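Please read the structure below before turning to the comments.
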Protein chains: 2
Amino acid sequence: MKDFYLEIKHVCKQTGARYGILHTPHGDVEVPMFMPVGTLATVKTLSPEEVKDMGAGVILSNTYHLHLRPGEDIVQKAGGLHKFMNYKGPILTDSGGFQVFSLQENRKISEEGVEFKSHLNGDKLFFTPESVIKIEEKLGADIIMSFDECIPYPANKKYAEKSVERTLRWAKRGLTAHTRKDQALFGIVQGGEFPDLRKHCAEELVKMDFPGYSIGGTSIGEPKDVFSKMLDYSVPYLPEDKPRYLMGVGSIDYLLEGIAKGIDMFDCVLPTRIARHGALMTSQGRVNIRGAQYKEDFSPLDPECDCYTCKNYTKAYLRHLYVADEAFGKRLLSIHNVRFLIHLMEEARKAIQEDRFGDFREEILRKYGDKRGF
Amino acid sequence: MKDFYLEIKHVCKQTGARYGILHTPHGDVEVPMFMPVGTLATVKTLSPEEVKDMGAGVILSNTYHLHLRPGEDIVQKAGGLHKFMNYKGPILTDSGGFQVFSLQENRKISEEGVEFKSHLNGDKLFFTPESVIKIEEKLGADIIMSFDECIPYPANKKYAEKSVERTLRWAKRGLTAHTRKDQALFGIVQGGEFPDLRKHCAEELVKMDFPGYSIGGTSIGEPKDVFSKMLDYSVPYLPEDKPRYLMGVGSIDYLLEGIAKGIDMFDCVLPTRIARHGALMTSQGRVNIRGAQYKEDFSPLDPECDCYTCKNYTKAYLRHLYVADEAFGKRLLSIHNVRFLIHLMEEARKAIQEDRFGDFREEILRKYGDKRGF
C-alpha cells in the first residue's frame, strides 16, 4: 500500500523505543502516539477540531458499536466515517473482537464466526472474519483490524492453542476478503500469556504480510508482569518496518512500557471515561475534581498543562460544573485528560530522538508512581 | 452610569422597533438582541467562544441557581462571573423572582421577602430585595435585576394590586441597597393583565430612575393576545432612551411582536432546552431530529443557516448522535438553535435600519407560521 507506510526516523539507544512518521491516506502522523477513542463516530463530548487541536493523530472508532448504530450502510452512504463525523485526519476501526468477547455473555464461537447478542436490544448477531471486513470497508477507516478472539486471563493452554490457530485462520480469511486498496488491514497477535503461542501467532501473521500488526491482550486486564511478558513474546517476531499497535492501553506505566519495547500506537477509553467521572491525570498526581478541597481552588487543574481547560478555567469552576452535572464540565475534563496523554507522547518522542527514553521513563514513573489506571 | 447606556441609532418608520447600541462595561452590543441563557454559569453544552462566535451579545445567568451552586461567595472570590466562567462579553443576572415564584410550591411571601425551599435539597431559604442585590453584586454581572413578584395568570385584581405595590416597594429597597457603580440595576414592570396596574408600575419605576427596565410576564405563559396587551400597557410609559428587556421570551412570533413594540432585549431557555430534546428551529420549519426520515438524510439541518453545525454535519449524523445520546449531538443542536435566533435578530436589526421591519415580520411569520413554541 503506497499511501500507507511507517518511516522509522530514529531508534533510541537506551531502549527499543522508536520514533517515526506513519504515512496514511489522511495525512502523516508521528509515532509513538496515543489514539483517542471515538466509539460511536464521536470522541465523547469533543468536536473534531478540539481533537485535532490537542495534537491527536489517528483516532479510533468501534466497528461493533457503529454496526449497531447507525449501521455501516448509512456511514458508507454518507461518504465514509471521515465525512460522516467530519474528522479530517486518519481513522482506525477495531474489528469488534474485543467487544464481542468481553461484552457478551451468551456467545457461541464456531469456525465460521461468532454468534452473540446486541447489548442494546438483545438481537441475535453473527460476525465472521469476512462480515467484519465488509463492515470495516463500508466504514472506510484508513487502518482496519482483523477479526480475532480475545481469550480470558488466565487461560487454559489447550484452549489458547486452539484459539490462536482459529485467529490465524480468521486473519487469513479477512485478508482474502479485503478488497479496498486504500485501507491498511492489520493482523492481531494473540496467544495469551504463552510465549510459544505468541511467537507462533506473530510468525504466521508475518508470513501473511500485513501492512501492520496489533498486539491483543486478553478480555480482562492481566497483571503488569504478564502484560510486559506478552510484549516480549510478541514484538521480537514482528518486522521492524511495519507499525505495531498495542490495543486498549492508556495508563502511563503501560504506555511507557510499550514504547520502550518498540510499540508505535496505543488507544484507550481511559482518559475520556475517567474524565467524565471527574478523575484527572495531572502533573501533580491524580485529581478527583468533586473533592471539597477544590471548592475555592482558583488555580488551574494542572499548572504544567497547555490545554484549553488549564489555560482558561479554575479547579473551582470545573468542580462546580462537575457537581452540577453540566455537559461543558465533562468536555473540559475530557480535553485535559486526552491532551495530558498526547503531551506525554510528545515528550516521549522527543526523548527517543535524543536517545534518553530510558531516563525519561524513569523520571515519569518516579513522578507519577507506578500505578495502573493512571 | 457612564459605562452603561443605550444609544438609539434608528427607529423603524413602519413599527415601533428600534435599532441601537447598548454600551456596557464589557463591550458594546447591538439591539434588539436575543440573550442565550447560561443558568449555572455555562450556556449548556457550549464554550464561551462558541457562544461569542455565534454572535451572542449579552448572556444571562440565574441568581437563584448560582446562589445554590456554587454560591455567590465562591463566584466573588473567583473574581466575578466573567472570570469564573471565562465569558468576556456582558452578562446579565436575573433576580431569582421568577424561579422563586414558579418553581417553589411552599413559599411564604411577606413584606420582608420570600421564604421558600431549595429545589435541590429542600433547605429553607429566604430572599429579600436586599439579599438578592447583595448576591447579584457578588456575582458581578453588568446588568442585574430587582427582586419582583411574578403573579399567576389569570390573577385576582385585588391580589395583583397588592403585589404591584409590594414589587414597587421592593424595587425601591433594592435600589437603596445597591452599591456597585459598575452594574446597571433594572426595575421590573409587573401588573399582570391589568392596564392600570401596568401603567402605574411603569410610572412609579421610572420615577426611581433605573438605567433600564424589564417587563415581567406571569409565572405561567399567558395567551398571545394577553401577552401583546401587556406590552401595550407597559412600553409607552417607559423612557425612550433606556433599554427595555422583555423577560423569558424566545419564540419567533413573540420576539417579533416584542421588537415591533420597542423591546431591545430578550432571553429564553427555549432554543437550548428544545435542542437538547432534538427539536430544531430551521428555515424549513421545525425539525425533530430523532425522526426516522433523517436516518439517511445527508443534507444539512438548515441549508440557509451559517452555523458550525449546518456547515459541517448532516441530519443523518445529528440523528445518529441524538439517538445514541452523545453529548456532542446536544452541543451541535444547541449551537444551531441559538445561532438561528441570533441570526433572526441580525436580520431584524437590518430590517429596522431600512424601515421595513413591519414587512420583515410579516414575511417571517408567513414563513414559520404564527405558533408559540417555535
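Nothing in this text is a laboratory measurement; each read-out follows from the coordinates by a stated rule. Keep in mind that what you see is a predicted model, and the values were worked out from it rather than measured. Counting neighbours? That spans all protein chains shown, and the Cβs are built from the backbone with ideal geometry, glycine included.
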What do you get for trypsin sites (Lys or Arg not before Pro) in the stretch A:23-90 restricted to DSSP loop and a cutoff of at most 13 other Cβ within 10 Å of the site's Cβ?
A:Lys88
Number of partner chain Cβ atoms within 10 Å, mean per residue of A:312-324:
5
Hey, for B:Ala292 with labels 7 Å out along Cα-Cβ, what do the inter-copy distances come to in nm, ordered shortest first?
5.3
Residue of chain B nearest the B-to-A rotation axis [by Cβ], rounded angstrom distance
B:Ala327, 3
Quick one: which residues, 5+ away or cross-chain, put their amide H under 5 Å from the amide H of A:Lys9? H built at 1.01 Å from N.
A:Tyr19, A:Gly20, A:Ile21
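Across the residues of A:73-83, average count of Cβ atoms on other protein chains within 10 Å? Numbers along the way, then the final one.
Numbers: counts 2, 8, 3, 0, 4, 6, 2, 0, 0, 0, 4.
Across the residues of A:73-83, the mean count of other-chain Cβ atoms within 10 Å is 3.
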Could you run the Debye sum over the Cα atoms of the stretch B:280-374, one equal point scatterer each and no solvent, and tell me log10 of I(q)/I(0) at q = 0.15, 0.23 Å⁻¹, two decimals?
-0.62, -1.16
Show log10 I(q)/I(0) for the stretch B:210-324 at q = 0.12, 0.14, 0.15, 0.20 Å⁻¹, two decimals, from a solvent-free Debye sum over equal Cα scatterers.
-0.57, -0.70, -0.76, -1.00
Compute the FRET efficiency between A:Ser118 and A:Asp28 as 1/(1 + (r/R0)^6), taking r as their Cβ-Cβ distance and R0 = 30 Å, and round to the nearest 0.05.
0.20
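For the stretch A:242-325, state which GluC sites (Glu not before Pro) are in a DSSP loop and have at most 11 other beta carbons lying within 10 Å of their beta carbon.
Values: sites: A:Glu257, A:Glu296, A:Glu304; in loops: A:Glu296, A:Glu304.
The qualifying sites are A:Glu304.
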Stick to the Cα atoms of the protein assembly as shown, pair each with every other, and give me the Kirkwood hydrodynamic radius in Å at one decimal.
28.5
Could you tell me which of A:Val31, A:Val323, A:Ser146 has its Cα farthest along the dipole of chain A towards the positive end, charges placed at Cβ (Lys, Arg +1; Asp, Glu -1), taken about the Cα centre?
A:Val323
Please express the shape of the stretch A:77-151 as an equivalent ellipsoid: the semi-axes are the square roots of 5 times the eigenvalues of the C-alpha gyration tensor, given largest first in whole angstrom.
25, 13, 11
Apply the membrane-span-like helix rule to chain A: whole DSSP H runs, Cα extent along the own long axis of at least 27 Å, mean Kyte-Doolittle hydropathy at least -1.0. List the helices found.
A:327-353
Between copies, how far apart are the A:Asp196 label points? List them in nm, one decimal, shortest first, with each point 7 Å from Cα toward Cβ, please?
10.4
Quantify how strongly other chains surround peptide A:39-47 by giving the mean number of their Cβ atoms within 10 Å of each of its Cβ atoms.
5
Links that overshoot a 18 Å alpha carbon limit, given the list B:Lys134/B:Lys181; A:Lys88/B:Lys330; A:Lys138/B:Lys330
A:Lys88/B:Lys330; A:Lys138/B:Lys330
Sorted largest first, extent of chain A alpha carbons per principal axis (Å):
60, 49, 41
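Identify the chymotrypsin sites (Phe, Trp or Tyr not before Pro) of the stretch A:103-143 meeting these criteria: DSSP loop state and at most 10 other C-beta atoms within 10 Å of the C-beta.
Values: sites: A:Phe116, A:Phe126, A:Phe127; in loops: none.
Here no loop site has a sparse enough neighbourhood.
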Positive-pole candidate from B:Leu92, B:His119, B:Asn106, dipole of the stretch B:80-134, charges at beta carbon
B:Leu92
